[in-house]
Every structure is written in C-alpha cells, then in structure tokens.
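Since every read-out is calculated from the coordinates, none of them should be taken as a lab result. What you see is a predicted model, and the numbers here were worked out from it, not measured in a lab. Here the Cβ positions follow ideal geometry from the backbone for every residue, glycine too, while neighbour counts run over all protein chains shown.
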Amino acid sequence: MKFGTTAIHAGQEPDSATGAIMTPIYQTSTYVQSAPAVHKGFDYSRADNPTRKALEKNLAALEGAKYCAAFSSGMGAIDAVIKLLKTGDHVLAGNDLYGGTYRIFVKVFEQFGLRFDFIDMSHKDDVKKAITPDTKMIWVETPTNPLLRIVDIEGVAALAKEAGALTVVDNTFATPFLQRPISLGADIVVHSATKYLGGHSDVILGAAITDDDKLAERLHFIQKSSGAVPGPFDCFLALRGTKTLHVRMERHCQNAKAVAEFLAVHLKVQHVNYPGFKFHPNYAIAERQMSGFGGMVSFTLKNDDIRAAKKLTTYTKVFTLAESLGGVESLIEHPASMTHSSLPRKVRLQSGLEDTLIRLSVGIEDADDLVEDLGQALERI
Ligand SMILES: *Cc1c(COP(=O)(O)O)cnc(C)c1O
C-alpha cells in the first residue's frame with residue numbers, strides 16, 4: 001500500500017463490538033480477566049491500551065517498520081530510548097539538536113554517567129573521528145533545528161554499524177512522508193508527534209519506532225516500567241492527525257518553498273536556511289534522502305541587532321509568535337531567546353545559531369497571505 005492509504009487505514013479496523021469506523025477512545029485503566037493469571041489481551045492501560053495500540057500500529061506502518069511504542073511526549077520517547085544505554089556509554093549527537101533533547105542529555109543523563117559529544121553531523125569525516133570505543137549510540141536530527149542542515153542518514157548509519165553503535169533518528173521535522181530513516185539503515189526513529197504527525201497543535205505525544213525485535217521488546221519494557229504513556233484521547237487525536245499527514249505535508253512543502261524564495265531576495269534578509277535551495281550546502285543529500293524539503297524555514301537579518309529580530313516576531317499577523325511547529329497554522333519564533341535559550345550563548349554561536357535567527361513553521365494557509373505578512377513585518381523593522 002502507498003503512503004496515503006497506509007496513513008488512513010493502517011492499524012485501524014472497524015470496532016469489533018459496534019462496527020464504529022473510527023477507533024474508539026478506550027478510556028479505561030483496567031480490563032476484566034477471565035481467570036487469574038491467564039494472560040489474554042489487555043490487562044492494564046500502562047502496559048497496553050487498544051486506542052494506543054491502533055496508533056502504534058499506524059505509526060510503525062508509516063515508518064515502514066514493525067514496532068512502535070507511543071509516549072506521553074516526544075521527550076518521553078527520547079528518555080526511553082536513552083534508557084537503552086548504561087553508565088559509561090558514549091552518545092554522539094548533532095550540535096544543533098532540539099533544545100529539550102540537548103537539555104535531557106546534559107542535565108539529566110550526564111548525572112547517570114552517560115557521556116555526550118555534540119558535533120556538526122553534516123560533515124561525515126567529523127562523525128567518524130568523534131566515534132570512540134564507548135560510542136553506543138549516534139543521535140541524528142535531520143533536517144536540524146533550527147539551522148536546517150541535512151545529515152546523511154545512510155552514511156552515518158553505516159559508520160555507526162561499523163562501530164557497533166545504534167543509529168537513532170529524530171524524524172520530527174521530515175515526517176515519514178518525506179523521509180524514512182529505517183530504510184536508510186537507522187535502528188530507531190523517534191518522533192514528537194506533537195508536531196506534524198498530530199498536525200493541529202492540540203496534543204503532546206511521542207513515539208519510538210523500530211524494526212528490530214529485541215529493541216522493540218526493550219522499548220516496550222521501558223515504556224511499561226517508566227510509565228510515560230499517552231492517554232487514549234491523545235492517541236485518538238494523533239490518529240486523526242496522521243490521516244491527513246500526506247495532504248498537509250504537500251502543502252507545507254509548497255508554502256515553505258514560496259516563503260523561502262520570497263525571503264531569499266528580500267533586502268533586509270541576510271541568509272535563508274532552506275534545504276530546497278540548490279545553494280544549500282547539503283542540497284544533494286536532501287534531494288537523495290527526502291521526497292520534499294519540508295515546512296521549516298529559518299533566516300537571519302542584515303541588521304544584526306537582536307532587538308530587530310525580536311520585534312519582527314511581534315509584527316507578523318498571520319504568523320503567530322509561539323514555540324512548537326508542524327501545525328496547520330504558521331508560527332514564528334526567535335530561537336536564541338525561546339526554543340534554544342537553554343543552550344549557553346557561546347555554544348549557540350559556535351554551532352552557527354546567531355542572535356538574529358528567526359525560525360518559521362510554515363503552515364498550510366494560502367501562500368500569498370504568508371508572503372504578504374512577512375513582507376509587511378520586514379518593512380517595519
Ligand atoms: C518538539 C520536539 C521534541 C520534543 O517533543 P515534545 O512532544 O515537545 O516532548 C523532540 N524533537 C524535536 C525535533 C522536536 O521538535
């Protein structure tokens with residue numbers, strides 16, 4: 001089956017009790033047993049729940065994998081994946097990760113003796129050099145956030161395999177509609193389904209997906225043991241979201257292209273980060289591993305005063321000033337003071353994340369209105 005059909009049908013059969021076409025919200029904590037210790041079906045909703053199971057099957061199918069464990073947030077999924085490791089293990093990660101991922105690595109897991117290094121993963125030679133005998137996991141985000149660099153998943157996964165390390169790809173920005181990391185050699189895909197998968201800015205949810213039997217078993221064990229599971233209503237919302245993923249992503253991609261092209265020639269704009277430009281340093285890889293360039297665009301201003309950037313984010317009318325991304329509505333934000341403020345300024349600048357950088361999550365409104373809105377806001381700074 002092709003993507004759109006999978007999105008709408010995978011994991012979702014009519015309810016066997018009523019024929020309901022939509023997956024019911026099984027709002028129950030426990031299930032009646034036929035006899036003690038005869039394990040048949042569901043027993044307790046932290047371990048498993050029918051609405052959650054339908055979502056897990058759906059997300060696994062979209063990534064072309066067998067297994068998925070859903071979590072109460074993207075961070076819950078990331079937390080579970082890191083718990084596959086043990087004290088002394090080394091993780092190699094990108095240097096412009098989602099801020100919350102950087103934070104949990106450094107502020108939570110370093111306390112437990114895990115070690116992390118952050119490098120520019122778009123240079124494969126640097127990845128190779130940074131691998132140590134203790135490296136057990138390579139953590140990839142691509143496109144990266146907020147600089148939209150592209151990492152060669154296949155290349156990095158091959159290096160990881162050679163070193164006996166797992167490759168994890170945070171596929172939140174691209175979604176399986178544009179990029180399928182498991183088919184490129186990744187072991188685990190994580191998602192903040194809060195973003196494009198849910199798609200309507202109305203739910204916080206995460207997922208870890210794998211095709212490997214043993215990893216799946218361990219992830220489900222951690223899911224049940226740590227207990228960061230999503231409620232059935234949240235699973236229902238995410239399932240409703242994935243039904244239109246392919247349609248939404250097409251429009252996100254079209255609109256982002258129109259916005260990026262407008263900004264690229266604007267007199268007040270210094271530089272536009274958009275992987276669909278031929279002059280983007282990783283354009284060739286983006287073209288190879290993605291079927292579209294996504295809905296995210298970031299840019300810097302010629303005026304390098306941080307106050308100009310902050311003002312711009314309050315002058316737009318269609319683009320709303322807010323963190324997060326991937327919803328139907330367009331959002332604008334200032335990474336240095338918002339999503340990436342947990343990075344020390346020095347680390348931030350070193351990784352190329354400048355003070356005037358603005359990030360856009362381009363929604364699925366009419367492209368003309370989006371361009372006009374950015375135009376009027378830029379005029380005012
Ligand atoms: C939002 C986000 C996360 C965290 O997900 P939550 O659902 O907010 O916990 C992780 N990775 C990326 C790339 C994100 O954008």
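Assorted remarks:
- Considering only Thr144, Ile8, Ser72, and ranking their Cα positions along the charge dipole of the chain that arises from unit charges at the beta-carbon of Lys, Arg, Asp and Glu, the one farthest toward the positive end is Ser72.
- Projecting the Cα atoms of Ser330, Gly352, Phe319 onto the charge dipole of the range 310-353, computed from C-beta unit charges around the Cα centre, puts Gly352 farthest toward the positive end.
- Contour minus Cα-Cα distance for Lys107 and Asp305 (0.36 nm per residue): 68.2 nm
- In sequence order, calculated HN-Hα J values of the range 89-103 (Karplus, 6.51, -1.76, 1.60; Hz; x Gly/Pro): 5, 10, 10, 9, 10, x, 9, 10, 6, 3, x, x, 5, 4, 5
- Loop-located chymotrypsin sites (Phe, Trp or Tyr not before Pro) across the range 273-381 with a Cβ neighbour count of 11 or fewer within 10 Å are Phe279, with loop assigned by DSSP.
- Contact order, relative form, for the range 150-260: 21 percent (alpha carbon pairs under 8 Å, 6 or more residues apart, mean separation divided by residue count).
- Gap separating the Cα centres of the range 64-123 and the range 187-225, nearest whole Å: 13
- Degrees, to the nearest 10: 306-315 long Cα axis against longest axis of the chain: 70
- Between Lys161 and Ser183, the modelled label-to-label distance comes to 1.6 nm, taking each label 7 Å out from Cα in the direction of the beta carbon.
- Between Thr5 and Val32, the contour length at 0.36 nm per residue exceeds the alpha carbon distance by 6.3 nm.
- Taking N as the residue count of the chain, its C-alpha radius of gyration divided by 2.2 N^0.38 Å amounts to 0.99.
- Pairs spanning more than 31 Å between alpha-carbon atoms, out of Lys128/Lys302; Lys128/Lys311; Lys86/Lys129: Lys128/Lys302; Lys128/Lys311.
- Estimated FRET transfer efficiency when R0 is 56 angstrom, pair Glu250-Asp134 (beta carbons, to 0.05): 0.85
- Gained length - Ser291 relative to Ser226, 0.36 nm times residue gap less alpha-carbon distance: 19.8 nm
- Spin-label pair Asp369/His123, simplified geometry with 7 Å Cα→Cβ offset, distance in nm: 4.4
- Nearest-ten-degree value, helix 367-379 long axis tilted from longest Cα axis of the chain: 50
- Against the main long axis of the alpha-carbon atoms of the chain, helix 50-62 sits at an angle near 50°.
- Helical contribution to [θ] at 222 nm, DSSP H n ≥ 4, -39,500 (n - 2.57), averaged over the chain, rounded to 500: -10500 deg cm²/dmol
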